[in-house]
Amino acid sequence: MQRIQQLSPHLVNQIAAGEVIERPASVVKELVENAIDAGAVEIQVDLEEGGKRSIRVIDDGFGIVPDDLTLAVASHATSKLRTEEDLHKVHTLGFRGEALASMASVGELDIVSRPAGQAAGERVMAREGKVERGAPEMIPNGTRVTLRNLFYNVPARKRFLRNDRAELTRVSAALQHIALSAPEVGFTLTHGGRTVFRFAKGQDLHERIQEVLGEETMQQMIELDPQHPQVRGWIGRPDLSKRNAQSIYTFLNGRFVRDRALVQAVREGYRGFQIPGRNPVAVIFLQLPVEEFDVNVHPAKLEVRFRESSAVFSLVRGAVLACLERAASVPDLLGRSDGRAPRSLDDAPHRSGSAPSTGRRSEATARGGFPGERPWAFPTPVAGGRVAEPGSVRSRPSDSPGTAAPSRGALAADRISAPRRQDDLPGGQQDAGESPVFQVRNAYLVVEEPNGLTVIDQHALHEKILFEELCMAFERGTLRQPLLIPEAVHLTPEAWIQFCEHQSVLADLGLVTEEFGQRTVLIRSVPMGFEQRDGSELLHDLLNRLDGAPQGGAELDLRLRGIETLACKRAVKAGQRLDVDQQRDLIRGRAQAFQPRNCPHGRPAELFLSWEELDRRFDRR
Ligand code: ADP
Ligand code: MG
């Protein structure tokens, strides 16, 4: 039988580190919170290899006095708590006194700190539980903490780290959360010497949210009632929705928290305003008396416990709901030009009286403040006055292939079998355009052919035709169409990281870009067929698509994915009415296509019913 032993402090710290330090992002969070607790105004974070090789945080805070340096890396040593009473009214971000000690046990820690009035920075180094003083260094006032080779001595944890890019993305997200909670503080993040983002110091909340979420998103955000001291922040108009819940940021007394009840409360506030299953964008700051909650329930302090969770829930839900109702009752804010009633499902009678059409509203619509992606706001889709060429009509989300395409149930699959061989493709090439065609359900083309009837999925077919055309252009190198006037696009930090990774693939796809200062990209040329379209939208769609690619996928595969996206974006959509010429064009394209029977993703693009089969089914033979 094994006897019981007291663990060594080093081992204790390693175990504790398991809770606090999970990956580079947790290190950055702890170090940056320390910097903020030290009153820093400018904080710089420099990473190498996603933070796995090195993480360095430089601040201009009040520093650590030389006598305390060794203590700073000791476990359960903190300057932020004195008594038990303090624990119940914590106002600093840190208080557990274990972050630096944990880091010292799972990496090589190097701290240089120079409080005001001191000639140089004093240094302390810690590794495997051993702490020693190092050579002083001339640094500006403040503290510089470096953690190298994270988990070099804990291979099991190291294996859980992902590639540089994935770790960088997490660090970037963690830093943005903190940046949102401290808009007055300046933040810079660099990776491998390249700036990922820089948020200026001295911003107000509105400016900071704009920096983090992007100007376009910010334009669609509305402010929660500023008179309400307990719940402040900005929430997105209902049209602005995301697929995942990462876009709901919640803060409690200035600390970013990930609390399911809070997120749920926000969602509940949107109930009836937003398509179910989507997530709103929201940045919400809750300010509660300290005795109303406990932050000491999670080592990384991401989770909290509320004393009266249902009261907090109603508070948040109520604030969101009130804000949405207020916005919905002022048509101006929603930019509606048709005087349509607010689109809340439980449209309350008090929201009566359609406001007169003002110039401002129509201007908002005209300048495309609410781009074509808003079926909820404009139930009748408009083609946006674009060219009549089929490929040029803008997409709506409900048309994304495979999701909301009209059900094929009406034509039972067992009655109509797909033609089996290429050579039984009906209809001669010469009269392909002449065979009768008609459109049904604004989604399918029905074509009469010499030996039967074919039903074609208009989107799938057009997508395939374009896909082949684009592949050909890709191979010939004729995909790119230079723009006379380059388009500048400002990117969010996430999009910027994606962009840095995929810039060359984008260029291969015809989207040639140039870096143009702070997270701004100049689009010099676009893929053929996209000359008249929104370059920013295309760039974002491509980045999202390329980003979803499995890691380590072959380059060619990435490019094919990109081409698929281009084809999909240009193709006519299900639900779109086509005139006779457009229908004929498609059928002609089909006759010339190499393999028109499947869409690029491999789904069938057409079904065939032979006259024979038809006769047989009617008992004519
Ligand atoms: P905690 O933040 O919970 O107190 P840490 O292990 O993160 O614990 O830090 C230990 C102590 O080191 C802090 O209480 C603080 O006094 C000091 N310290 C850490 N980082 C800094 C910094 N960047 N500037 C000034 N003091 C710091
Ligand atoms: Mg700390």
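Just so it is clear, none of the values below were taken in a lab; they were calculated from the coordinates. Since we're looking at a predicted model, the values are computed, not measured. Cβ coordinates were reconstructed from backbone atoms using ideal geometry, including for glycine residues, and neighbour counts include every protein chain displayed.
Remarks
- Restraint check, K158/K201; K80/K242; K242/K569, Cα-Cα greater than 31 Å: K158/K201; K80/K242
- Compactness index (Cα Rg / 2.2 N^0.38 Å), the range 1-126: 1.12
- Per-residue extension of 0.36 nm, minus the Cα-Cα distance of E128 and K89, leaves a gain of 10.7 nm for this segment.
- Total formal charge among the other residues, if their Cβ is under 10 angstrom from that of L522, Lys/Arg +1 and Asp/Glu -1: -2
- Exposure proxy ranking, count of Cβ atoms within 10 Å, fewest first, for W611, W496: W611, W496
- Annotation: aspartates and glutamates with alpha-carbon distance below 13 angstrom to K52 (same-chain offsets under eight excluded): E22, E108, D164, E167.
- Among 568-575, 100-107, 42-49, 485-492, sorting by the average number of other beta carbon atoms lying within 10 angstrom of each residue, highest first, gives 100-107, 568-575, 42-49, 485-492.
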